[in-house]
Structure formats: structure tokens, C-alpha cells
Amino acid sequence: MTDPRAARGAADRPGRGGELSRRDLFRLGLTAGGASLAAACGWDGGPHLGPTLHAVSLANDWVGEKLLVSSSRLAPVYPVSRRTPAGLFPAYSISHPLPVVADPAAWAFEVKGLVERPQRLTLAMLQALPRVTYTVKHHCVEGWTAIATWTGVPVASVIALARPTAAARYLRFDSFDHGYFNGWDLKSAMHPQTILAYAWNDRPITPAHGAPLRLYSPIKLGYKLTKFLTAMTFTAERPLGYWEGQGYPWLGGV
Amino acid sequence: MSGKDSDAPAPPRPPDTADGAGSSPTAVDRAGASEVSAAAGAHDPGAEREPAAADTAAAASAAAASAAAASAAAAPAAVVPAAVVPAAVAPAAVVPAAAAGDVVGRLQPAVAVLAAAAPPPAAATGVAVPAGKRPLVHRHHWLVRVTHWANAVLLVGMIGSGLQIYSAFGHFGRRGGPYYPNPFDGKPFPLWARLGGWLAGGLNWHFALAWPFVVTGAAYLLYMAFSGEWRSLLFRPSDVPRAVAMQLYYLRLRKDHPPQGKHNALQKGAYTFILLLGVISVLSGFAIYKPAQLSWLTTLFGGYELARYWHFWAVFLFLAFTLVHVTLVLLVDPASLRAMITGWYRGRFPSHD
């Protein structure tokens, strides 16, 4: 997961400091209502076209979810030798410093909402469930890629435990990172490569990558992969998401 | 019109007759100005024969006659009555050939293509027709004009939003590098060149404009394919020597302007290239939009990072093409600008092969 909006989490973004402050200034200018040439070119559609762009984005989400996502088609996997050197795999969080669990023994992952059997799963319980390990490419919405090995329990296995009701159509993943959350379609969540990951490159996942548990899937952009997980909730209504609510495409599928 | 194959014998009519000469309020003008097809149909003895009897000579003479008619600049008064003829004759002469299914009928289109592709006599082609004698010809179907300008506008938006997206990560290649050669490596493009304001804005513009871009592009390509117009635009192996001749002329190593039809061989090369570039841009765009779901496509481009790289370079090829395209339109054949707006052309190269 990375920061799709460069203005936030700036401290994690190596070598881009100058650009960030310029963007911040630019956005400030927009907020202040400056009608400069720069503002005109930074046009996001305005009050008239903006909703249209959003509607098209939702239509694209529909195409992506209903027509493109296949529950059986797997994203390509790579040999371990092609991993990105660990220090070069970017990571970020909304809150600073990195959010960490004060008492790991007290941490547990809740499965709730429209389910027959709500769950409260400790890390040991999660690790006892079916395990998936793969080395895949991470696609950031910014355009960069990196390869790493992830290990965890398929979300489909947890879903099977909880037994969602017929009304459940979406999933909401919550974190302890300053309220960061994501909304997911069930089809992507049921994908065999969508996992709750507790290991990264064969070791327990580090705080930078979302310890103790994070959502991972090679069929979604990084900003859909909630780190620092606390709960997943089945809903009937589509949950938005931290970046999705600010204008990023909701589906974020690759 | 009838099938693309059967269009071949009398090359110059698809847009004019297919335009619906009878339904448009400008029907009389159109018919009058489509003297290319009118005259060809009326004066070509071959066109009045039974189609099965049409042979190489007939097809060739049809091509030659139509080409001659194109530069003949007949007076509208003489043409209007004739314009009625091909509407009845041309389809009748053409359709049965395809329908008959006999050997000659099958061979005819191929023969006609060869005849049309062979260099017509210089006198019969639109080599710099002197001003004053230039005929008014209908050059571009409305669908071509609409898709041309729509894609021009859409492309500006696609490039602007694309450069906004690029600015979020101005490198090509995996994290950890090495990054691919890029003169703009790590540099955000200036604000005036970007659309969207921030990454999400750029993405939403890009993904919203992409669909109309694809739809208009596909509409244009389908029109070209089924109208037979592709013949005057697609660069084929036989255009190589003609392109060389044209280049020699531009370099002033050849004195006379080589014979040409609607477009010269270099234009055909440029237009074929830009259509190919459009297709590659769209495909590479899909390859980086859904690299997991469409991984077969992404693999075709050499993987996500390379697909993104090609997608980026397409921008500069589009810009370079546009610069040359607009410059040549204004310097060499300004009349073609009007033709792309109104459809009507009165310029140096009235032929329509």
C-alpha cells in the first residue's frame, strides 16, 4: 500500500519532497478559490463535470467488477529471485509515527456485520487456518511496481467460517491507522489470492507493512490493501474508503 | 453501399453515394459535386456491361476513367443529370458480381484492386491542378470528420490527464531499478500541461475520456474498413517506391510532383502510422489498467513496466505527428482543412483513388 495522494504521508516518499510542497501550495490555491491559469489546468471537473467524471468512474468500477474480475483467473506469480530488495519496497501510513499494537497478545481480528457466526480471531487462530504463500507484483496507483512474497490466510476461508447472510454484498476492512479503511466487493474478496497476510518475505510482517495483519491481493491496487487490520464487516451498502471517498476509483482492481 | 470488395470497380464513390444523397438537405449539392463518381459511372463503358463480363480491362478503364473524370472539372450543370445515373447503375453493376459467385465475379474485386493500386497515368491524377480549374469534390464522410475532431479533442484531454498521472511516479521500471531511459525521468510536467489537479483527478479524467476515445476510434476504423475508404489511406508495400519518389520530390531531387490519389504515399504512411499508434495506445492503456485481469495483453507489451513505457512514448509520437500534420496542412494543402471541417475540398489534389 502506498500513499496515492502525495500530499499525505510525505515523510515516506523518498526524493519527492520538492514536488510535494508545490502540490500542497497548488491545492491550497484551489481551496482559496484562486482562478489562476494553474488552477484552470488543475481542473478536476468542477461542480458540473466532476459528478459526471465520478459517474463514469462508477461505471468503470462496474465493468471492472462484473466483467473483468474473474474468481478463478490468477495474477502472475514470480520466482523469489525477482523480489524487490526489501529496503526499496515503499511503505507508508496515515498516522505518524507508524501505528503499532501496544499489546500484541490483546490484539484480535473481528469478523462481523451481516454474518451468521461473528468471529474474533487471534493471530494464532489465523495462522492455524489454511495458508497461502505467493510472490507477486504490487501495483501502486502512482504507477510503480515492486515484488514481494506474502503469506496469510485466504479471505475466502475466513468468510466460510463466518457465513455471511444473503444480504451481505460488500466488505469493509478497518484499521487502527487513523481511521484508514477500505470497501471491497465480495467477488474480489473471495478471489483465491486475496489473503489476510501475517508474513512478508518469509518473516513476520513488519510495522511498516501493516503488522500484525494486513489485507493483500495482487488483483487490487495498493491503496485497497488495508494495513494494521482490526476488523472486517459484511455490509449490504457499499462502504467507501479512505482514498476512495476523496475521489480515487472505488474498485481499484488491476 | 455494397460489400467492400464490390466497391472496387468504380473506386471513387463510397462516401458520396453512401452519404445518402437523397435524404440530406444538401442532396443536390452533393450529387452535383460528386462528379467523380457520376462522371465515372456515366462515361465508363465498362460500368454498363454485365458484371460477370467485367474483365481486367474494364476494371482498369473504370479506374482510369474515374481518375480522368476527377481532374476533368466538369461543369456542375453537366454533372447533375449524370449524377442520377450511377445511383441506379453502379449498384446494379456491382452487387450481382459479388452475388453471382462465379469465378469471374470472385476475381473481379481482386483485379480491380490491382488496377486501382497500379499507378494511373500521370495526366489523369491530381498533380497540382492549376488554381481556377479546381473542381469541388466531396472528400470526407461526416463520420470521418466527426471522429477526426472528436479524437483530436479527446487526445488533448488524454495526454493532459496522462501527464498528471505520470507526475505521481516519473520513472519507468520496477522499484529498485534500473529505470528505463527517459529524458523526463523524475520530472513532473508543468501545470499547464496537466489535467486533473492531482492524481485522482487525472485518473478520473483519463478513464472517463478513454471510452469515447475508443468508441470514436473504433467507429472510424469500422467506417474505413466497410466503406472501402481504407484503400486510399492504408500504406501497402506497393507504396514504398511511391513514397521514395515523393520524398525525392520534397527534397527537390525530383522536379515533378509524383502522381497521387487522395493522398500521396508519404501521407498514407503517416496516416497508417498514426492509426496504428492509436491502436497501440489503447491496447497498452488496457495493459496497464488491468495488468492482472488482462495479463496476457500486458505480457504482449513486455510486462507492466514496459507497457507503461510504450504508453508514455505514444504521447510524444502523437505530438510529433500533430506538429508535422498541422504544419503540412497549412503549408502544402490548406484546402484540406476546409475539407476536414465541411467535407468539401477544392484544392490541388482532387483525385480520389
**Study point:** Residue identified as open to solvent by less than 60 Å² (accessible area, probe 1.4 Å) and at pLDDT 95 or above among B:Ser351, B:Ser284
**Key:** B:Ser284
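So, of the residues in region A:56-86 that are among the small types (Gly, Ala, Ser) and more than 9 Å from every other protein chain (Cβ to nearest Cβ), which turns out to be surrounded by the most Cβ atoms within 10 Å (Cβ to Cβ)?
So the first thing to find is which residues in region A:56-86 are among the small types (Gly, Ala, Ser), and the list is A:57, A:59, A:64, A:70-72, A:75, A:81, A:86.
In the following step, the residues that additionally are more than 9 Å from every other protein chain (Cβ to nearest Cβ) were identified as A:71-72, A:81, A:86.
Numbers: A:Ser71: 12, A:Ser72: 6, A:Ser81: 7, A:Ala86: 15.
Among residues in region A:56-86 that are among the small types (Gly, Ala, Ser) and more than 9 Å from every other protein chain (Cβ to nearest Cβ), the one surrounded by the most Cβ atoms within 10 Å (Cβ to Cβ) is A:Ala86.
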Exercise for review: Go through region B:167-182 and give me each residue that's aromatic (Phe, Trp, Tyr) and open to solvent by 30 Å² or more (accessible area, probe 1.4 Å).
Suggested key: B:Tyr179, B:Tyr180
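Quick one: in region A:111-163, of everything that is among the hydroxyl-bearing types (Ser, Thr, Tyr) and open to solvent by less than 20 Å² (accessible area, probe 1.4 Å), which residue is farthest from A:Ala231 (Cα to Cα)? Please lay out each step first, then the result.
At the first step, the residues of region A:111-163 found to be among the hydroxyl-bearing types (Ser, Thr, Tyr) are A:122, A:133-135, A:145, A:149, A:151, A:157.
Filter once more, keeping what is open to solvent by less than 20 Å² (accessible area, probe 1.4 Å): A:134-135, A:145, A:149, A:151.
Details: A:Tyr134: 23, A:Thr135: 25, A:Thr145: 27, A:Thr149: 23, A:Thr151: 19 Å.
The extreme case among them is A:Thr145.
Kindly check whether there is at least one residue in region B:145-160 that is out of contact with any Ser or Thr (no Cβ under 6 Å at 6 or more places or on another chain) and polar (S, T, N, Q). Don't jump to the end; show me each part of the working.
Here is the first cut: in region B:145-160, the residues out of contact with any Ser or Thr (no Cβ under 6 Å at 6 or more places or on another chain) are B:145-146, B:148-149, B:152-160.
Filter again for polar (S, T, N, Q), leaving none.
Checked against the condition, which is being out of contact with any Ser or Thr (no Cβ under 6 Å at 6 or more places or on another chain) and polar (S, T, N, Q), region B:145-160 yields no hits at all.
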Study note, to complete from the structure: Scanning region B:288-304 for residues that are buried (at least 21 other Cβ atoms within 10 Å of the Cβ) and within 11 Å of another protein chain (Cβ to nearest Cβ) gives B:Ile288, B:Tyr289, B:Pro291, B:Ala292, B:Thr298, B:Tyr304
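Mind listing just one residue for me: the one in region A:121-149 that is of a type in the set (A, V, I, L, M, F, W, C) and assigned to a strand (DSSP E or B) and, of those, nearest to B:Leu294 (Cα to Cα)? Steps first, answer last, please.
From region A:121-149, those of a type in the set (A, V, I, L, M, F, W, C) are A:121, A:123-126, A:128-129, A:132, A:136, A:140-141, A:144, A:146-148; that's our starting set.
Now narrow it down to the ones that are assigned to a strand (DSSP E or B): A:121, A:132, A:136, A:146-148.
On the way: A:Leu121: 35, A:Val132: 23, A:Val136: 15, A:Ala146: 19, A:Ile147: 18, A:Ala148: 21 Å.
The extreme case among them is A:Val136.
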Check your understanding: Can you find even one residue in region B:207-228 that is open to solvent by 50 Å² or more (accessible area, probe 1.4 Å), within 24 Å of B:Val326 (Cβ to Cβ), within 14 Å of another protein chain (Cβ to nearest Cβ) and among the hydrophobic types (A, V, I, L, M, F, W, C)?
Key -> no
**Study point:** Residue check, A:Ala156 farther than 25 Å from B:Ile288 by Cα, touching a His at 6+ places or on another chain (Cβ under 9 Å) and not in a loop (DSSP other than H, G, I, E, B)
**Key:** yes
Revision key, fill the gap. By residue number, the members of region A:220-241 that are in contact with a strand residue (DSSP E or B) (Cβ under 6 Å, 6 or more places away or on another chain), assigned to a loop (DSSP other than H, G, I, E, B) and not polar (S, T, N, Q) are A:Leu221, A:Leu225, A:Lys227, A:Phe228, A:Arg238, A:Pro239, A:Leu240
Point to revise | Residue satisfying all of: in region A:198-219; out of contact with any helix residue (DSSP H, G or I) (no Cβ under 9 Å at 6 or more places or on another chain) and assigned to a helix (DSSP H, G or I); surrounded by the most Cβ atoms within 10 Å (Cβ to Cβ) among these | key: A:His209
Study note, to complete from the structure: Residues of region B:183-204 being open to solvent by 20 Å² or more (accessible area, probe 1.4 Å) and facing another protein chain (nearest Cβ under 7 Å), in sequence order, are B:Pro188, B:Leu191, B:Trp192, B:Arg194, B:Leu195, B:Trp198, B:Asn204
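The values are calculated or read from the model by the stated rules, or taken from the named source; none is laboratory data. Quantities reported herein were computed from a predicted structural model and do not represent experimental measurements. All Cβ positions, glycine included, derive from the backbone under ideal geometry; neighbour counts span all protein chains shown. Remember, those area values only see protein heavy atoms, side chains included, never the ligands or the DNA or RNA. Shrake-Rupley method; radii C 1.70, N 1.55, O 1.52, S 1.80 Å.
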